[in-house]
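Any read-out appearing in this document is the output of simple, stated calculations on the displayed coordinates, not a laboratory observation. Quick caveat, the model's predicted, so the values are computed rather than measured. Quick reminder, even Gly has a Cβ in these numbers, built from the backbone with ideal geometry, and neighbours come from all protein chains shown.
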There are 2 protein chains.
Amino acid sequence: MEGMDRCSANCVPLTPITFLERAAAVFGERISLVYGTVRFTWRETLERCTKFASALVHVGISRGDVVAVLAPNVPAMYELHFAVPMAGAVLCTLNMRHDAAMVSTLLSHSEAKIIIVDYQFLHIVKAAIEIMSKTTPTEELPRIVIVKEFDRPSSNTNGFDSASDDLEYESLLETGKLDFEIKRPKDEWGPISLNYTSGTTSRPKGVIYSHRSAYLNTLSTILLNEMSSMPVYLWTVPMFHCNGWSLTWGVAAQGGTNICQRNVTAKEIFANISLHKVTHMGGAPTVLNMIINAPINEQKPLPWKVTVMTGGAPPPSHVLYKMREFGFLIVHCYGLTETCGTATVCSWKPEWDSLPDDKQAKLKSRQGMEHVGLEGVDIKDPITMESVPADGKTMGEVMFRGNTVMSGYLKDLKATQEAFKGGWFRSGDLGVRHPDGYIELKDRSKDIIISGGENISSIEVESVLFNHPSILEAAIVGRPDDHWGETPCAFVNLKNGFSATEEEIIKFCRNNLPHYMAPRTVVFRDLPKSSTGKILKLVLKEEAKAMGSLTKRLTE
Amino acid sequence: MEGMDRCSANCVPLTPITFLERAAAVFGERISLVYGTVRFTWRETLERCTKFASALVHVGISRGDVVAVLAPNVPAMYELHFAVPMAGAVLCTLNMRHDAAMVSTLLSHSEAKIIIVDYQFLHIVKAAIEIMSKTTPTEELPRIVIVKEFDRPSSNTNGFDSASDDLEYESLLETGKLDFEIKRPKDEWGPISLNYTSGTTSRPKGVIYSHRSAYLNTLSTILLNEMSSMPVYLWTVPMFHCNGWSLTWGVAAQGGTNICQRNVTAKEIFANISLHKVTHMGGAPTVLNMIINAPINEQKPLPWKVTVMTGGAPPPSHVLYKMREFGFLIVHCYGLTETCGTATVCSWKPEWDSLPDDKQAKLKSRQGMEHVGLEGVDIKDPITMESVPADGKTMGEVMFRGNTVMSGYLKDLKATQEAFKGGWFRSGDLGVRHPDGYIELKDRSKDIIISGGENISSIEVESVLFNHPSILEAAIVGRPDDHWGETPCAFVNLKNGFSATEEEIIKFCRNNLPHYMAPRTVVFRDLPKSSTGKILKLVLKEEAKAMGSLTKRLTE
């Protein structure tokens, strides 16, 4: 239409940086972040991020460079979510559970120029760089910036070498200039962060988020959490996981307060909720499990309804039910690293309030529908790309489409194009669509158990196990079988002071599931987990494999 | 970064059409719209919009064509906000107060192919087309689609000629196909709607909104209203005004229910609030004034806190205070047609809750700060483009920058570029910035009164008048004066059953304002208003001009 003029008055690349600037302008004197006795205001947070961005540029970071970080949810970790993009650079958050070998792989792959590391993890990074130095010229190794304990700068920093090139976060920040001109993205499709997939099953892939996708996913995540302005957000989700499910940026957008904590324990969660009047938090089902199984003396009554966004793995309905009893309001979301975290939400309908509790929990354990910023989620036949019927039974692959889907896998265009084949992002997750349109995950395609030609959803079996009064945690994998191909094998971790036998558990499952879906083997043990609380099924699969075939006499 | 791939999986033009599709998918069986006894679900609304879009294409509407509408807040008016963009066309909503001459001007200027008109306004449109036909070939005249009263299709449709080319909304809709492929925008910067400025002072200009600006302003407006999912929204703001301050699209985005009403009276507002459990509504200060002055027998207790977004003119603090007493929660916003409606919000801080009521109302009557989707609002010297100091005193022009600013003025690139000169949208409003960063409007630059070289903010004087117990409404304009240049002239409308003299009112103002700011003339009369409730100061200025200079003996 004639008369239109695209210029700086009406065209600004979308970027979460705006959220921080606005928070400082509107909520300047409100508390942005609390960490133990440390407190900052939004004005201070903008100042600190501006100075650190300036310092990064001063030490040689250019537009598009990668700055890596390995740290728990400490203040620096939060600040880097703004400071790094403000320097025009790309933030690469590393998983705290990685060992030195993996860290060296990721630092090499991402070509990170700087690695910012919390003192607790310095030995990992030192060892990683040691590994890298065997094949990388010294001048190409990433520089280390150590983050000391904020209010205890003399904290153990074994291995920190101030005589070397190593830098220290606060000192480096102090060299920054307040009048630094923020390097906003020239193009909103430009990268803001790099999140390596958790790699529970394969070599981690570097997932690229754009400023645009981060911006839009942030607004969507705020909305699906019903997060009104000035929330108090407790950081139980690691910020390294999909940038804290977008809420690193989201708390700034809503002028809220970040309650940071180094360690996530039930005791600290309960204590922080009442101390800071927390309104929102998040956590994988394992975190919820930890909360509901906390010793009585660690529990504290909630000061008001606390909204908990859960996701990362399908939450057993039993866990959802218990959390509600505690007074938590659960928002059940689903997504992958490739969807910037949250992609769907099980929107709760008021008419469900009058259903029996177990029915409610079952409805809530579904993954729901796309959030407002996503164009669509569908369950499709991966070959024909046809949508499955909404019958709650026919399985297909979960696929996503929209602006909050990743830009691609770093240096792996082939993998990117494979993932986007057919114009949808193929998640590798299997699910069904219910008649009301809501989707429900049945399994990761690699976790499905095929026994005698029948597909067994490990999630369905696990969900039954979670209802057993003695079971704290459970995971089902396939155990190789000469006759059936595979049989379901349960790994269970019992609650303290409870007991159960293999026979009892198998019988319990047979009473609640089709016969063929019940486990044939039960192993009692602690479950291996990733730092985001995901159970590492690959480890369990190896273990089940090592057991060999179950003898034939167990056939029905 | 290598590995990125922009494709249909991760790149979809932003458009509010998505909101409707998602509402139908997630909230399909929930009520989307209520109008008297009429009720639709979101599934039905999507179906009706799809069919109407299909019908529009069938009667010859192509991508980029303008479809005009002249109607109150009836169901068709709501549906057109989706159906017209879904046909790839541009929605042009006309002001219900326009006369035939103005409607003919706007239909010509916009080159509308179709004009959809509510039966109550058919005579205006018929007369407008009659005027156009004198200079426009018949085949280029817009086709008429009449909207009859939904549940009373035999409603008076004087002048509707079914023998002619004229169409009827419901019949046309019925010809549409459900399997119509929605014509989504190819480019999110493409136009979605055309809103003519209210034209209280000059020839209306056609303000173009893009799909992108509409999308982003919608999300921002939802957030600043603290509108959680499934709101019940009462349509007191005309949808023709900035597309209902973006909430035509917003209610769909949140899966809410639209309560439509043909007429806006205090009685209907109170009745609908309790009948439908309204959670949100909106209204210019004159609507608030109507509510607080409603006869006791028309008032009903609120079923819960009702959030009211107000804007369009600075609300007198007295009105804000009274509304709060009623139990309304006021969200005070500010914006212009050129900012897609809402642009700033006076974000309320909890620490203000403990201040005295009058102080609270004064704080809330400020225009606040940019909403989350806007890059910035500033008060600048229009010549130097320097920001004024945040002293609450220095006046400057209010300027905006960001993605929710219009694309431009239709067919008037010169006016567009003038408005965007310096990279900011120049509003023509005058304001100050307070030390806490919040802005406060002082006047439209054209409404400021200059008396003896002093600037007098008409808003400041009006705000004092509103505190007078007998005054229902008031407006201040400059009256020409041989000695002072101008002197303030008050037009006041007294409350029913109350009285006051000119002398009393002048004295009241002198007791509450610097002497030179108090009116020298007081005229008692009803105030002329635009359909959005804005007082038409141009009319009053003409009247004051006609009075001539005030005699000199009144000088101090």
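Could I have the simple spin-label model distance between residue B:29 and residue A:498, label points 7 Å from Cα toward Cβ, reported in nm to one decimal?
3.5 nm
For residue B:134, go through the lysines and keep the ones whose alpha-carbon is under 18 Å away, minus same-chain ones fewer than eight residues off.
Once the sequence-local lysines are set aside, what remains near residue B:134 is B:113, B:126.
What's the angle, to the nearest 10 degrees (0 to 90), between helix A:42-58's Cα axis and the longest principal axis of chain A?
Between the helix axis and the principal axis of chain A, the angle is about 70 degrees.
So if we plug the beta-carbon distance of residue A:434 and residue B:482 into 1/(1 + (r/R0)^6) with R0 = 60 Å, what FRET efficiency do we get, rounded to 0.05?
On the way: r = 79 Å, r/R0 = 1.32.
That pair, residue A:434 with residue B:482, gives E of 0.15.
Quick one: with label points 7 Å out along Cα→Cβ, list the inter-copy distances for residue A:164 in nm, shortest first?
8.7
Suppose each label sits 7 Å from its Cα in the direction of the beta carbon; what would the residue A:130-residue B:296 distance come out to in nanometres?
It works out to 8.6 nm between the two label points.
Roughly what angle does helix B:317-326 make with the longest principal axis of chain B, taking Cα atoms, 0 to 90 degrees, to the nearest 10?
For helix B:317-326, the angle is close to 60 degrees.
So who's got an amide H within less than 5 Å of the one on residue A:146, skipping anything under 5 residues away but keeping other chains? H placed 1.01 Å off N, in plane.
A:117, A:167, A:168, A:169
Can you list the residues, at least 5 places off or on another chain, whose amide H is less than 5 Å from the amide H of residue B:479, using H built in the peptide plane?
It is B:487, B:489, by chain and number.
Say each of residue B:304 and residue A:179 gets a label point 7 Å from the Cα, pointing the same way as Cα to Cβ; how far apart are those two points in nm?
Computed distance between label sites residue B:304 and residue A:179 equals 5.2 nm.
Rounded, prolate or oblate: which fits the range B:473-553, taking a ≥ b ≥ c as square roots of the Cα gyration tensor eigenvalues, rounded meaning a/c under 1.5, else prolate when a/b beats b/c?
Working: a/c = 1.91, a/b = 1.17, b/c = 1.63.
Taking the square roots of the gyration eigenvalues as a ≥ b ≥ c, the range B:473-553 is oblate.
Which Cβ of chain B lies nearest the axis of the rotation superposing B onto A, and at what whole-Å distance?
Rotation axis B onto A, closest Cβ, rounded to whole Å: B:219, 3.
Over the range A:252-364, what is the mean sequence separation of C-alpha contacts under 8 Å (at least six apart), divided by residue count, expressed as relative contact order in percent? Intermediate results must be reported in sequence, preceding the final value.
On the way: 143 pairs, mean separation 23.8, N = 113.
It comes to 21 percent, rounded to a whole number.
Quick check on the protein assembly as shown: helices-only [θ] at 222 nm, where DSSP H runs of length 4 and up contribute -39,500 (n - 2.57) each and the sum goes over total residues. Nearest 500, please.
Numbers: 34 runs with 334 residues, N = 1112.
Calculated from helices alone, the mean residue ellipticity at 222 nm is -9000 deg cm²/dmol.
Expressed as an acute angle from 0 to 90° and rounded to the nearest 10, what is the orientation of the C-alpha long axis of helix A:537-547 relative to the principal long axis of chain A?
40 degrees
Between copies, how close do the residue B:515 label points come, placed 7 Å along Cα→Cβ, listed in nm from shortest?
When each copy's label point is compared with this one, the spacings are 10.5 nm.
Find every distance from the label point of residue A:434 to the corresponding label point in the other copies (7 Å from Cα along Cα→Cβ) and write them in nm, one decimal, shortest first.
Here residue A:434 shows inter-copy label distances of 4.8 nm.
Among rounded, prolate and oblate, which fits the range B:5-59 when a ≥ b ≥ c are the square roots of the eigenvalues of its C-alpha gyration tensor, a/c under 1.5 means rounded, and a/b larger than b/c means prolate?
Details: a/c = 3.38, a/b = 1.58, b/c = 2.14.
Here the range B:5-59 falls in the oblate category.
Filter A:51/B:421; B:322/B:364; A:322/B:305; A:186/B:421; A:305/A:362 down to the pairs with a C-alpha to C-alpha distance above 23 Å, please. Could you put the intermediate results ahead of the total?
Details: A:51/B:421 32 Å; B:322/B:364 13 Å; A:322/B:305 31 Å; A:186/B:421 21 Å; A:305/A:362 21 Å.
With Cα atoms farther than 23 Å apart: A:51/B:421; A:322/B:305.
Take the Cβ-Cβ distance between residue A:111 and residue A:446 as r, set R0 to 22 Å, and report the resulting FRET efficiency rounded to the nearest 0.05. Each step should come with its number before you reach the end.
Working: r = 30 Å, r/R0 = 1.35.
Rounded to the nearest 0.05, the efficiency is 0.15.
Compute the Cα gyration tensor for the range A:1-157, then decide on rounded, prolate or oblate, letting a ≥ b ≥ c be the square roots of its eigenvalues: rounded whenever a/c is under 1.5, prolate when a/b is larger than b/c in the other cases, and oblate in all that remain.
Verdict is oblate for the range A:1-157.
Residue-wise, which Karplus ³J(HN,Hα) couplings in Hz belong to the range A:512-527, taking 6.51 cos²θ - 1.76 cosθ + 1.60, θ = phi - 60°, and x for glycine or proline?
10, 8, x, 3, 5, 8, 5, x, 9, 9, 10, 10, 9, 5, 5, 9
Using a cut-off of 11 Å between beta-carbons, work out the net charge of the residues near residue A:29 (Lys and Arg +1, Asp and Glu -1, residue A:29 not included). The partial results should precede the final answer.
Working: positive: A:30, A:43, B:349; negative: A:44, B:351, B:436.
Result for the neighbourhood of residue A:29: 0.
Apply the Karplus curve 6.51 cos²θ - 1.76 cosθ + 1.60, θ = phi - 60°, to the phi angles in the range B:463-470 and return the couplings in whole Hz, x for Gly and Pro.
Whole-Hz 3J(HN,Hα) from phi for the range B:463-470: 4, 5, 4, 5, 7, 6, x, 9.
Order of A:75-88, B:297-310 by packing, highest average Cβ count within 10 Å first?
Working: A:75-88: 26.6, B:297-310: 16.1.
Order by mean packing, descending: A:75-88, B:297-310.
Using R₀ = 51 Å, calculate the FRET efficiency as 1/(1 + (r/R₀)^6) where r is the Cβ-Cβ separation of residue A:538 and residue A:43; round to 0.05.
Details: r = 46 Å, r/R0 = 0.91.
Efficiency for this residue pair is about 0.65.
Between residue A:471 and residues 5 or more places away or on another chain, which pairs have amide H atoms under 5 Å apart, with H built 1.01 Å from N, and which residues are they?
Long-range HN contacts for residue A:471: A:495.
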